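Below: one structure, written as structure tokens.
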Amino acid sequence: NLSLEQYLLYGPLTAKVLYSIYKDEIRKGAWCLHILILFDLRALVHQLWSTYSNMLFLNRTRQINQRGVDFKQIDAEWHWDNFLILQAILASLLYSSFPSLAGLPIWNTRGVLCCLILHIGISEPLFYWMHRVLHSPVLFRRYHWLHHSSKITHPFTGGHATFLEQLLLCIVVAIPTLGTALLGYASITMMYGYLLLFDFLRCLGHCNVEVFPHPLFETIPLLKYLIYTPTYHSLHHTEMRSNYCLFMPLYDKLWNTIDEKYWAFHQEICSRTSSRVPDFVFLAHVVDVMSAMHAPFVFRSFSSIPFSNKLFLFPMWPYTFLAMLVMWAKSKTFLFSFYNLRGKLHQTWAVPRFGFQYFLPFAAKGINNQIEDAILTADRLGVKVISLAALNKNEGLNGGGTLFTSKHPDLKVRVVHGNTLTAAVILNEIPQDVDEVFLTGATSKLGRAIAIYLARRKVKVLMLTPSTERFVKIQKEVPADCQKYLTQVTKYQAAKKCKTWIIGKWATPREQYWAPSGTHFHQFVVPPVIPFRRDCTYGKLAAMRLPDEVEGLGSCEYTMERGVVHACHAGGVVHFLEGWKHHEVGAINVDQIDIVWEAALRHGLKPS
């Protein structure tokens, strides 16, 4: 596979276009411009199909294979567009060899008809037999196995093939296009139209979402032999001994290779009215405008790596901002992603609200309504546990979830904030020999639990808070002989000799300055503090790695590494795996911290 430098191969074409413009001879460089435009348009076709394929909130019930695309497949298909580069190079060589191709008219009716005839009469049967021969044992092992190594079809899967297959595909594409040109009937419209339609149909067949209604083929029976469906081609990928055609099942019919299960399978998928009920739901929300683009249905490859700001995101910021406004006005909680763990379906739902909106007083009621609707939907569906992410469990918003459990005492779904495990992760990161820590956000839900736990361990805790009342309230929750280990401080200067900081409130560079050299910053503040101090170390947000048995996971959770989820997410998973029947809302039960930690390790979750 090529790397990002592969796009430098377009350098000569770009240079030719720019030189032609500079010399005011654009007609001479027009063919280079057309090749570049076609590359962009063809890539866009694939990207739009990828977006649609990953919009689970639109098409989950009509997904053919519901296992999910994992990181391994995404990595394998990373350079799916290599075939576009190959075809662009070959096209430039053809234009150089046949200068007459550069002077094509805009439209030629005969050319369109000629292209169609050549495709149906030559390209379709040629592809059928080449494809069928590639499935012979020897050739399959040497050449075609790579394409079928993608277990779940996706629009990018069509470009995942060996070099030989890509060359064969070039021949299939060239017969109608170059053939029409050599006959003298080619046009610019025909070239654009054929190539874009070819890619459109290839993506359609690999999209893993059935888009054709079954009654359409019952009304027009002949149609099922003229156009394949995503179900049709998906069966080829699972069975591998049938459905060899390019786009027209007519040729499978002629040579008796249509999968006998196809028609019933297509009818079954089209008749689905609901999808599988998840066992566990993590209820997340959008962090900010930039991270909103870290979604599988925006850029699949980008969402499969930890989020960080990239230059290519900035031009899209205005459009994402507009999408945010539309979501604010119209959208409801939607299915974002999923994975399977030990045969159980785990889903992430997203509340269509961005982080800053949680701090707008007039938006609180609407956000709580969204969360409440999600909880009631989960309860109605039969979900076992729903875990609230980040600001969805904000104390000032809904009392850490108590608002919903108090309002709906008969809930069958268990509502979990997951912060017990978050506290456990932070506490287990602190070395056993530490005898003093500095704690900000000290009177928050997590801060309180951490302070009490450490005081019980006889660790001195410098609690940064201006509220003596809240400090004393927490201090009284500690056994009398341990209360002396909690100390109220009101300024960062008080921690200038303490090398273990636990940050639960945003710290500015000036505030971080008071930490002595060699300090380690543990943190539970969202978003994480910016690491300004080069002479100090910074921990990441509390997180845990999912068990090795996880399947179908193909996106990263915000800035987390692959397979790693926020501790509150992991806390919900543990709650589900343990089968606990209580809600985990409101204040953290400090006595449960070690119990939840041991349960997490027992079920195969690991510190990240």
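The values are calculated or read from the model by the stated rules, or taken from the named source; none is laboratory data. The structure displayed is predicted, hence computed values, not measured ones. Here the Cβ is made from the backbone with ideal geometry for all residues, glycine too, and neighbour counts use every protein chain on show. The accessibility values were calculated without ligands, DNA or RNA, using every heavy atom of the protein model including side chains. Shrake-Rupley method; radii C 1.70, N 1.55, O 1.52, S 1.80 Å.
Observations, loosely collected:
- FRET efficiency for the Arg141 to Phe334 pair, using the beta carbon distance and R₀ = 45 Å, is estimated at 0.60.
- Of Thr500, Pro466, Leu454, farthest towards positive along the dipole that unit charges on Lys, Arg, Asp, Glu beta carbons give the range 421-541: Pro466
- Hz values of 3J(HN,Hα) by residue in the range 427-432 - Karplus curve (6.51, -1.76, 1.60), Gly and Pro given as x: 5, 7, 7, 7, x, 5
- In sequence order, calculated HN-Hα J values of the range 537-553 (Karplus, 6.51, -1.76, 1.60; Hz; x Gly/Pro): 10, 10, x, 8, 4, 4, 8, 9, 8, 5, x, 5, 6, 4, 10, x, 8
- Qualifying aspartates and glutamates (Cα of each under 15 Å from Cα of Lys330; at least 8 residues distant if same chain): Asp373
- When each of the peptides 581-587, 136-142 is scored by how many other beta carbons lie within 10 Å of its residues on average, the order from highest to lowest is 581-587, 136-142.
- Projecting the Cα atoms of Ala600, Thr420, His237 onto the charge dipole of the chain, computed from C-beta unit charges around the Cα centre, puts Thr420 farthest toward the positive end.
- Under the simplified labelling scheme, the Arg27-Leu44 pair shows an inter-label distance of 2.7 nm, with each label point 7 Å from Cα along Cα→Cβ.
- The charge dipole of the chain, taken about the Cα centre with unit charges on the Cβ atoms of Lys, Arg (+1) and Asp, Glu (-1), comes to about 1080 debye, rounded to the nearest 20.
- Using just its DSSP H runs of length 4 or more, each adding -39500 (n - 2.57), the chain gives a mean residue ellipticity at 222 nm of -12500 deg cm²/dmol after division by all residues.
- Computed 3J(HN,Hα) for the range 383-398, one whole-Hz value per residue from the Karplus formula 6.51 cos²θ - 1.76 cosθ + 1.60 where θ = phi - 60°, is 5, 7, 9, 10, 9, 8, 8, 6, 6, 5, 10, 4, 4, x, 8, 8, glycine and proline marked x.
- Three-way shape label, the range 421-541, alpha-carbon gyration tensor, a/c 1.5: prolate
- Between Lys484 and Lys499, the contour length at 0.36 nm per residue exceeds the alpha carbon distance by 3.4 nm.
- Acute angle (nearest 10 degrees) that the helix 445-456 long axis makes with the longest principal axis of the chain, alpha-carbon atoms: 50 degrees
- Structural size metrics of the chain, computed from C-alpha coordinates, are Rg and Dmax of 29.2, 96 Å.
- Nearest-ten-degree value, helix 109-118 long axis tilted from longest Cα axis of the chain: 80 degrees
- Listed by chain and number, the aspartates and glutamates whose alpha-carbon sits under 18 Å from that of Lys491, ignoring those within fewer than 8 places in the same chain, are Glu436, Glu469, Glu511.
- Relative contact order of the range 4-212, pairs being alpha-carbon contacts under 8 Å that are 6 or more residues apart, as %: 32 percent
- Cα-projected label distance for Lys491 with Ala364, points at 7 Å along beta-carbon direction, nm: 3.3 nm
- For Ser337, distant residues with modelled amide H under 5 Å away: Thr348
- Estimated at the nearest 10 Å², the accessible area of Trp506 is 100 Å² with a 1.4 Å probe.
- As a ratio to 2.2 N^0.38 Å, the alpha-carbon radius of gyration computed for the range 246-376 takes the value 1.45.
- Remark: the range 421-541 carries a charge dipole of roughly 200 debye about the Cα centre, counting +1 on each Lys and Arg Cβ and -1 on each Asp and Glu Cβ.
- In terms of packing, defined here as the mean over residues of other Cβ atoms within 10 angstrom, the peptides 241-253, 261-273 line up highest first as 241-253, 261-273.
- Order by protection proxy (mean Cβ within 10 Å, highest first), peptides 96-109, 55-68, 346-359: 346-359, 55-68, 96-109
- Extension gain, Cys170 to Glu395: 0.36 nm times the residue separation minus the Cα-Cα distance gives 75.0 nm.
- Pairs of alpha carbons in the range 4-212 separated by more than 32 Å make up 23% of all such pairs.
- Treating r as the C-beta distance of Leu197 and Ile305 and R0 as 41 Å, the FRET efficiency rounds to 0.80.
- Alpha-carbon centroids, the range 363-441 and the range 270-329: separation in whole Å: 22 Å
- Overall, the range 4-212 carries a charge dipole of about 280 debye about its Cα centre when +1 sits on the Cβ of Lys and Arg and -1 on the Cβ of Asp and Glu, all other atoms neutral.
- Gyration tensor (alpha-carbon) shape descriptor, the range 489-608, a/c threshold 1.5: prolate
- Sequence-distant contacts, meaning Cα pairs under 8 Å at least 6 residues apart, place the relative contact order of the chain at 13 percent.
- The listed residues Leu118, Leu388, once ranked by accessible area (1.4 Å probe) with the largest placed first, stand as Leu118, Leu388.
- Computed label-point distance, nm, for sites Asp75 and Leu126 using a 7 Å Cα→Cβ extension: 3.7 nm
- In Å², nearest 10: area of Leu462 left accessible to a 1.4 Å probe: 10 Å²
- Once C-alpha pairs closer than 8 Å and six or more residues apart are averaged by separation and normalised to the residue number of the range 529-608, the relative contact order reads 39 percent.
- When the pairs Lys16/Lys310; Lys445/Lys476; Lys540/Lys606; Lys261/Lys384; Lys384/Lys505 are compared against a 26 Å limit on Cα-Cα distance, Lys16/Lys310; Lys261/Lys384; Lys384/Lys505 fall above it.
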